[in-house]
Amino acid sequence: MRSALACLAALALVASCSKGAKSNADSAAGATTTPAAAPLPAPPPAVMTDQNVVAKLGGGDSAEVALGRLVSTKATNAGVKSFAQMLVTDHSANAKELASLAKKDSLTPQPPPGDTSAQHHQNELAKFQAMAKGMDFDTAFVNGAVEDHQKEIDALTSAQASLTNADLKALIGKTLLVLQKHLDKAKELQGKLSATK
């Protein structure tokens, strides 16, 4: 009982001390409070140059071709195999057109500062190389294709406004149509594969 009373007394003393300290601080500050500084807004995303877009698009094409070739040999679903071959065909054609345009217009590919997409592409390829054939492989590839194509469409759509090279702008317009076709096909396959589980 005595220790409980001692604890209560100690708590009352602490409360009165902190109350006194607060009122002293308020009077010292002239009883005015200054609001906390608002957090700084996030910096706007860096605008990609024509050379950055050439680098990103070229890297994406190469990655899709490499992954498509791998999947066309490892997939067990006929639709997934066919889709993988479509990626190889379309991205090979796009890469050829992009290389020709970059050479003609002297657009040396230059990745944006801090760009990690090349490492991401390598990691994705290594992941699928290590996976065993089967339904899980096919599903993982199709799910990744949906996600990656949506991200690429979003990135190219936002980059398109800042491009200065008319030929590159036109190619991006064509590329977006192809990427949308791929995204639609990947979503269709996604639905079919989930229905068979």
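The values are calculated or read from the model by the stated rules, or taken from the named source; none is laboratory data. Bear in mind that the values here come from a model prediction, so they are computed numbers and not experimental data. So basically every Cβ, Gly included, is an ideal-geometry build from the backbone, and we count neighbours across all protein chains shown.
Mind checking which residues of the stretch 30-51 are modelled with pLDDT of 95 or more and not acidic (Asp, Glu)? Hit for the stretch 30-51 is GLN51, nothing else. Among the residues here, LEU107 qualifies as touching an Asp or Glu at 6+ places or on another chain (Cβ under 9 Å) and surrounded by 11 or more Cβ atoms within 10 Å (Cβ to Cβ). For the structure I just gave you, tell me whether ASP148 is of a type in the set (Asp, Glu), surrounded by 15 or more Cβ atoms within 10 Å (Cβ to Cβ) and modelled with pLDDT of 95 or more. So ASP148 fails the test.
Look at LEU156 and say whether it is farther than 23 Å from SER72 by Cβ, surrounded by 13 or more Cβ atoms within 10 Å (Cβ to Cβ), in contact with a Ser or Thr (Cβ under 7 Å, 6 or more places away or on another chain) and in contact (Cβ under 8 Å) with a residue 40 or more places away in the chain. Taking the combined requirement at face value, the residue satisfies it. Filtering the stretch 143-171 to residues that are more than 17 Å from the chain's Cα centre (by Cα) and either within 30 Å of LEU193 (Cα to Cα) or small (Gly, Ala, Ser) (or both) leaves ALA161, SER162, ALA166, ALA170. Any residue in the stretch 119-134 that is assigned to a loop (DSSP other than H, G, I, E, B), exposed (fewer than 15 other Cβ atoms within 10 Å of the Cβ) and of a type in the set (Lys, Arg)? Yes, because at least one residue in the stretch 119-134 is assigned to a loop (DSSP other than H, G, I, E, B), exposed (fewer than 15 other Cβ atoms within 10 Å of the Cβ) and of a type in the set (Lys, Arg). Within the stretch 72-117, the set of residues being of a type in the set (Asp, Glu) and modelled with pLDDT under 95 comprises ASP115 only. The single condition among (1) within 22 Å of HIS182 (Cα to Cα); (2) touching a helix residue (DSSP H, G or I) at 6+ places or on another chain (Cβ under 6 Å) that LEU163 does not satisfy is (1). For LEU168, are the conditions met, namely being within 23 Å of MET48 (Cα to Cα), in contact (Cβ under 8 Å) with a residue 24 or more places away in the chain and not in a loop (DSSP other than H, G, I, E, B)? Here the answer is yes, as LEU168 does meet what is asked. The residue of the stretch 60-90 that is surrounded by the most Cβ atoms within 10 Å (Cβ to Cβ), among those that are among the polar types (S, T, N, Q) and assigned to a helix (DSSP H, G or I), is SER72.
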